[in-house]
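Quick notes on the structure that follows.
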Amino acid sequence: TLVADIASRGNPAIRIVPVRISLSDAAVPPPIDEAAAARRLEAARASIAYMQSEGVRVANMSWGFTARDIEDQLAAHHIEADPEARKRRAQAIFDTLFDGFSALIAGAPEILFVIAAGNANQDLDFVRDVPGSINLPNVLSVASVDATGALSTFASTGPSVDLHAPGENIEALVPGGGRIRTSGASLSAPQV
């Protein structure tokens, strides 16, 4: 709702084609293991095919995760007792997802993917992020700036970041018709 509200402001001709990504909101989400990675890639393939069939020209992707996020989920579920084995497994799963998402996005050159660069105050080319670190001709990775144009303290950076847009104290619509002010690259990307 926040993203759609921001993306549609001032654009009466916009047509929004929602694509739902269902993720757990549990305090400890289910782990991203090999099977979960395969399901995510299949869902992404189906989502992109749907967007292509609907003639989508621009897709917003205000989400992301790192190999460390996968490693932390594996640890929370006591998967791979050995920390080094868990780290290697998480990196392999992340690499599968990074390569898979990259191939799917590259396979849809008619769609411009506008991606939130993230809020981890890290270099996206040092600590890779899916999808923020994907660097393709049809990808724009967007970092947050404040009202003066200064980089937000939480903004992720690096050569993979293509643009900056306001992402601090942004007013947006929430379910039920209320409005809130919030911050993050997820609010920068839909402005682009």
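The values are calculated or read from the model by the stated rules, or taken from the named source; none is laboratory data. It should be emphasised that the depicted structure is a prediction, and the values quoted were computed from it without experimental measurement. Using ideal geometry, Cβ is built from the backbone for each residue, glycine included, and neighbour counts are taken over all protein chains shown. These accessible areas exclude ligands, DNA and RNA; they are computed on the full protein's heavy atoms, side chains included. Shrake-Rupley method; radii C 1.70, N 1.55, O 1.52, S 1.80 Å.
Of note:
- Share of carbon and sulfur in the accessible area of the chain stands at 54%, probe radius 1.4 Å.
- Total formal charge among the other residues, if their Cβ is under 15 angstrom from that of residue 92, Lys/Arg +1 and Asp/Glu -1: -2
- Using a Förster distance of 30 Å, the FRET efficiency for residue 181-residue 81 (Cβ separation, nearest 0.05): 0.10
- Rounded to the nearest 10 degrees, the inclination of helix 83-106 to the longest alpha-carbon principal axis of the chain is 40 degrees.
- Answer label for P(r) over Cα pairs in 10 Å bins from 0, in percent (calculated), chosen among [x] 9, 33, 37, 18, 2, 0; [y] 8, 28, 30, 20, 11, 3, 0; [z] 9, 34, 30, 16, 8, 3, 0: [x]
- Spacing of the modelled spin labels on residue 162 and residue 125, each 7 Å from Cα toward Cβ, amounts to 1.6 nm.
- Placing unit charges on the Cβ atoms of the charged side chains and taking the dipole of region 53-192 about its Cα centre, the candidate lying farthest along the positive direction among 177, 167, 83 is 177.
- The label-point distance for residue 173 and residue 52, in a model that sets each label 7 Å from Cα toward Cβ, rounds to 3.1 nm.
- Helical contribution to [θ] at 222 nm, DSSP H n ≥ 4, -39,500 (n - 2.57), averaged over the chain, rounded to 500: -10500 deg cm²/dmol
- If you take the Cα centroid of region 163-187 and the Cα centroid of region 103-131, the two points sit 20 Å apart.
- Ranked by the mean number of other Cβ atoms within 10 Å per residue, highest first, peptides 180-190, 2-12 order as 180-190, 2-12.
- Relative contact order of the chain: 23 percent, from C-alpha pairs under 8 Å at least 6 residues apart in sequence.
- One decimal place: the segment residue 38-residue 153 gains 38.0 nm when fully extended, by the rule 0.36 nm per residue minus the C-alpha distance.
- In the context of the full set of protein chains, region 93-192 has a per residue accessible area of 43 Å² (1.4 Å probe).
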